[in-house]
Every structure is written in C-alpha cells, then in structure tokens.
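Remarks on the structure that follows.
The values are calculated or read from the model by the stated rules, or taken from the named source; none is laboratory data. Because the structure is a prediction, the values reported are computed rather than measured. Quick reminder, even Gly has a Cβ in these numbers, built from the backbone with ideal geometry, and neighbours come from all protein chains shown.
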Amino acid sequence: MAEATLAYKCSNAECGKPFRMRHPGKAGVYTVTCPHCAHKFKVRVPDLPASGRQAGSPTPQDTAQQQEQTSKKTKIVDRDDSSELQPHMGYLKHVRPMWRSQDFQLRRGDNIIGRADPSAPCDIAIKGDSSMSRRSIDIQVLEPAPGVLKFLLKVLKCTNPVLVNNNSYAAGSQIYLNFGDEIILGKTRLQFLKRETK
C-alpha cells in the first residue's frame, strides 16, 4: 500500500517553496520544518482517507475532541486556500489587566499597528509600551471575493519577538489570522475577534 503524503507551502515570505511530508497517521495540528529554509510553522493535518487507514487508526469521530481543542490555534496556509475565508469583519481588543479593555476596528486594506509616536504615525497606535516597535505589524484585510474576507498579518519590524498564540515570528513573516487568535507585541496583548453583525 502506498504511503500517504501531504503537500504544504512554506509560510516564510522569503521562501514560500512547496514540499511534501509523510502523513503522521493522526489528524490534528502539527509543527513542521521547511526543508528549504528550516522555518518552523504549524499545519492542520487531515484524517487519513479510508483507503489509507490501518486497522485501529483513529476515525474523524475519534479526533473531534482534539480538533476542538486546537481550533483556536493559528493556521498557516497557502494564500489561495479558500478555507480561510471569513464572512465577518474582525477587530482587535487591547486586553489590559486592571484597566478597561480597548477595541480597535480594522478596515479593508492595510492596518499598521505599533507604538504611539508622532514622528511615525500608524493606523492603530498603542500608548505606554516602549518595548513595542513604532511600526510593528500590518494586518491586511483582503476581500478576494464579494462578501468574504481574509486577514493577513505581516511582521514589519520587531525589537522584541511578535507572538501569535505563543508562536514567535520575525520581521518578514506573514500568517493568516483566525478569530480568537492572541497577538503579543512587546508587553501588549491583543485579541483578534469577530465583529458581530446586527
């Protein structure tokens, strides 16, 4: 019986090369390493097709609980993957312990986020965090088809690492966001949430 393999594309913007990997035998979210540039990123692995599943292998029902637990993790995907399309606009919530949280609406196109500094204005300026770069990230709201949206985060510059769901990303990295993702810039914690429509 032929060994099941999966095809992925490196999420590193400076690489972007395709590669194949052996199916690990279980559905779920796995960390993989690009064989071309050694960039590490997470991928969602589907269940083996019935023809390739060995006796005793987990079924989709068996992995439902695991998939639910990992559903909020960031998916790093090919930008042509239509599974990342969202019908709702998103926004950022600035979570501040002991202070009232602050919401920042996103608009279509570029949304530059960074430390508040009159000499380098950005779309969303965060005050009181000197550990954040003045132009740290850009969240692009894309509309590849009418009524559907994709949210692409690009790391522009970072004195300290940019974290998305506790995964570190260097300048030049780019990933697609899912609702519920947590972004940390310097000491600032942001949540990417869905804006409900009335």
With the structure loaded, tell me whether Asp81 is at pLDDT below 50 and within 27 Å of Asn12 (Cβ to Cβ) or whether it fails that test.
yes
Residues being farther than 22 Å from Met89 by Cβ and free of Cβ contacts under 8 Å to residues at least 40 places away in the same chain: count how many of those fall in the range 99-132.
10
All conditions in (1) surrounded by fewer than 19 Cβ atoms within 10 Å (Cβ to Cβ); (2) over 20 Å from the mean Cα position of the chain (by Cα) are true of Cys122 except (1)
Against the condition under 22 Å from Ser11 (Cβ atoms), touching a residue at least 40 places away in the same chain (Cβ under 8 Å), touching a Pro at 6+ places or on another chain (Cβ under 9 Å) and surrounded by fewer than 19 Cβ atoms within 10 Å (Cβ to Cβ), how does Val141 come out, does it pass?
no
Filtered residues of the range 151-170 (kept if within 10 Å of Ile139 (Cα to Cα) and out of contact with any Gly (no Cβ under 9 Å at 6 or more places or on another chain))
Leu152, Leu153
I'm trying to understand the selection: among the residues of the range 155-177, which are outside any strand (DSSP E or B) and under 24 Å from Ser130 (Cβ atoms)?
Leu156, Lys157, Cys158, Thr159, Asn160, Pro161, Asn166, Ala170, Ala171, Gly172, Ser173
Inspect all residues belonging to the range 178-189 and state whether any of them is outside any loop (DSSP other than H, G, I, E, B), buried (at least 17 other Cβ atoms within 10 Å of the Cβ) and over 13 Å from the mean Cα position of the chain (by Cα).
yes
Scan the range 159-177 and report the pairs whose first residue is without any contact (Cβ under 8 Å) to a residue 60 or more places away in the chain and surrounded by fewer than 21 Cβ atoms within 10 Å (Cβ to Cβ) and whose second residue is among the hydrophobic types (A, V, I, L, M, F, W, C) and not in a loop (DSSP other than H, G, I, E, B), with Cβ atoms within less than 6 Å and a gap of 6+ or a chain change.
Leu163/Ile184; Ala171/Val155
